[in-house]
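The values are calculated or read from the model by the stated rules, or taken from the named source; none is laboratory data. Predicted model only: the values in this text are computed from it and were never measured. As a convention, Cβ positions derive from the backbone with ideal geometry for all residues, glycine included, and neighbour counts pool all protein chains shown. Side chains are part of the model used for accessible areas, which takes the heavy atoms of the whole protein and leaves out ligands, DNA and RNA. Shrake-Rupley method; radii C 1.70, N 1.55, O 1.52, S 1.80 Å.
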Amino acid sequence: MFGFGKKKKPAQITIGADFMDYESKGVTPSRFGDTSSFISTRYLDRKYNYKQADHLFKSNALANRIARLPAETATRNGWRIVINNNDEKQVVYQTALDALLPKEKIASEIIYRNIIGDAYLNVNVDEKHRTSLEQPLDPHNILKVNSINAFSQMHVKANQICNDPTLENFGKEEKLVLEGLSDGSDDNSKEPESITIDSSRYRHISLDKMEDDATGTSLLMRCYDQIKTLDTGLYSTGKMLYEYNMKVWKNDAYFDLSEDDRRKTDHRMSRGMSTESLVVVGHDDDLEKVSNKPGGIDSLFSFAWQQLSTATGIPKSILMGEQAGTLAGASQDVVNYYDSIGALQEQVIKPQLEWLVKLLMWSENVGGGSEDPDSLDWHIEFYPLQRLTDSEKIDNLGKLSTALSTAINGGFLTTDEAHDILLQQTTNEAIPIQLTGDSADDDITEQDRKSFAKEKAKIEKHLTGAKNHGKKT
């Protein structure tokens with residue numbers, strides 16, 4: 001006996017224009033000055049807004065850069081776990097954290113947040129006693145942390161949030177319900193069931209979510225007008241360049257041709273004159289091109305860029321990838337931008353990393369067994385947002401050696417304690433304890449190598465001469 005599964009829905013054919021200006025018809029007033037209000041019921045559909053933002057991210061290069069740039073900047077250089085007085089566990093937990101690919105996953109999560117307005121990072125674990133996803137995750141029941149995944153609000157059916165300000169858990173999310181999911185198989189005989197996940201098994205980040213909002217605000221939709229203005233400017237510039245020179249062909253015989261012959265003639269002419277506009281007129285006809293003078297258009301474009309920079313919080317020089325005005329001005333743009341990225345790291349990324357590290361510490365298969373995270377003296381440390389050169393790393397090593405030498409000679413540190421501090425830097429990319437690689441592959445000069453050898457010898461000398469101190473004073 002044969003069973004019939006559910007038919008697959010045919011692929012939908014989407015028709016899109018190259019420029020957003022073409023998409024204005026029927027959505028916004030056809031002329032920019034026509035500001036009369038209009039009502040569109042489809043904008044009340046949250047799913048439609050998500051699809052629109054997703055389409056904008058995929059089709060517009062500027063929107064793509066706006067969504068990706070903060071996420072990539074915040075996660076590019078990474079971070080490390082620092083566990084004081086236990087360098088072995090520090091390496092073990094750092095290795096376990098890196099195996100979850102947090103840089104890639106958290107970057108995707110922030111990109112989803114910028115596009116949709118909300119994003120999630122969930123954790124998948126093996127448990128000693130298997131429990132439902134609807135139940136809170138018991139840290140004492142974790143065998144192994146398998147993976148983490150980032151996803152957006154696209155498939156979230158509902159968020160269960162307490163909005164009673166008289167309660168202790170006001171504003172806190174308790175659960176979320178997912179729908180429309182697929183396991184990737186070809187079996188479409190039944191609709192997948194909804195999945196409810198307890199808040200202890202995921203982290204939720206939102207953009208500009210107000211008091212009574214269940215979801216956040218899309219960064220791309222918030223600056224849609226600015227993106228559209230620049231997109232229209234690009235389209236208009238292209239039209240001006242295409243029509244910068246125009247060919248006029250005066251030929252009365254052209255109009256006497258049959259429709260088929262005229263089509264063939266148009267085809268031949270378009271192939272031979274594809275870089276400029278061509279118009280055919282009769283001898284008694286006249287053609288006049290009326291246009292605005294392009295003088296001052298650069299000021300209009302600068303204004304549009306400034307508006308976009310304000311809407312996104314990304315300086316114009318960073319968005320455009322070039323210096324703005326003076327060198328000092330561009331440098332200050334970088335400083336201001338990195339300050340905002342630093343806030344993103346502290347407020348969004350760091351709590352999630354601490355959550356993951358705690359789960360790794362509670363799990364049975366990392367670090368020799370489960371242990372209470374509060375029993376260890378540890379924290380998360382981000383690497384500098386700007387990549388350091390090898391010379392700067394050597395300079396950092398010199399400063400560290402000088403500080404340790406002073407502490408040892410002053411009796412503030414023992415030799416063993418100084419040794420432990422050095423070992424803790426083995427996972428610190430900003431302070432190289434050992435240099436590797438061929439000099440032909442980096443920017444290290446011979447003078448840098450001599451400086452490094454000198455600092456290393458100084459460290460060894462002070463460590464050897466400080467053995468009599470034995471303890472702190």
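Can you tell me which residue in segment 228-258 is surrounded by the fewest Cβ atoms within 10 Å (Cβ to Cβ), limited to those that are at pLDDT 80 or above and of a type in the set (D, E, K, R)?
Checked segment 228-258; the qualifying residue surrounded by the fewest Cβ atoms within 10 Å (Cβ to Cβ) is K228.
Any residue at all in segment 101-108 that's touching a residue at least 60 places away in the same chain (Cβ under 8 Å) and closer than 27 Å to D374 by Cα?
Checking segment 101-108: at least one residue is touching a residue at least 60 places away in the same chain (Cβ under 8 Å) and closer than 27 Å to D374 by Cα.
Tell me which of these N146 doesn't satisfy, since it passes every other one: (1) touching a Lys or Arg at 6+ places or on another chain (Cβ under 9 Å); (2) loosely packed, with under 13 Cβ neighbours inside 10 Å; (3) within 30 Å of G367 (Cα to Cα).
Among (1) touching a Lys or Arg at 6+ places or on another chain (Cβ under 9 Å); (2) loosely packed, with under 13 Cβ neighbours inside 10 Å; (3) within 30 Å of G367 (Cα to Cα), the lone unmet condition for N146 is (1).
Quick check, is F151 of a type in the set (F, W, Y) and in contact (Cβ under 8 Å) with a residue 12 or more places away in the chain?
yes
Consider T215 carefully, then state whether it is of a type in the set (V, I, T), under 30 Å from A311 (Cβ atoms), modelled with pLDDT under 90 and part of a helix (DSSP H, G or I).
No: the conditions fail for T215.
The rows are residues; the columns are (1) at pLDDT 85 or above; (2) open to solvent by 60 Å² or more (accessible area, probe 1.4 Å).
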residue: N159; (1), (2): yes, no
residue: P165; (1), (2): yes, yes
residue: F170; (1), (2): yes, yes
residue: G180; (1), (2): no, no
residue: S185; (1), (2): no, no
residue: E193; (1), (2): no, yes
residue: I197; (1), (2): yes, no
residue: R201; (1), (2): yes, no
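Scan segment 84-116 residue by residue and report those that are outside any helix (DSSP H, G or I) and either of a type in the set (V, I, T) or modelled with pLDDT under 95 (or both).
Answer for segment 84-116, where residues must be outside any helix (DSSP H, G or I) and either of a type in the set (V, I, T) or modelled with pLDDT under 95 (or both): N84, N85, N86.
Please verify whether I380 is open to solvent by less than 50 Å² (accessible area, probe 1.4 Å), aliphatic (A, V, I, L, M) and farther than 20 Å from L100 by Cα, treating the condition exactly as stated.
Against the criterion (open to solvent by less than 50 Å² (accessible area, probe 1.4 Å), aliphatic (A, V, I, L, M) and farther than 20 Å from L100 by Cα), I380 does not qualify.
Would you pick out the residues in segment 112-135 that are farther than 18 Å from Q352 by Cβ and either out of contact with any Asp or Glu (no Cβ under 9 Å at 6 or more places or on another chain) or surrounded by fewer than 21 Cβ atoms within 10 Å (Cβ to Cβ) (or both)?
Within segment 112-135, D126, E127, K128, H129, R130, T131, S132, L133, E134, Q135 meet the criteria.
In segment 70-83, which residues are in a loop (DSSP other than H, G, I, E, B), open to solvent by 10 Å² or more (accessible area, probe 1.4 Å) and either within 18 Å of A96 (Cβ to Cβ) or among the polar types (S, T, N, Q) (or both)?
N77
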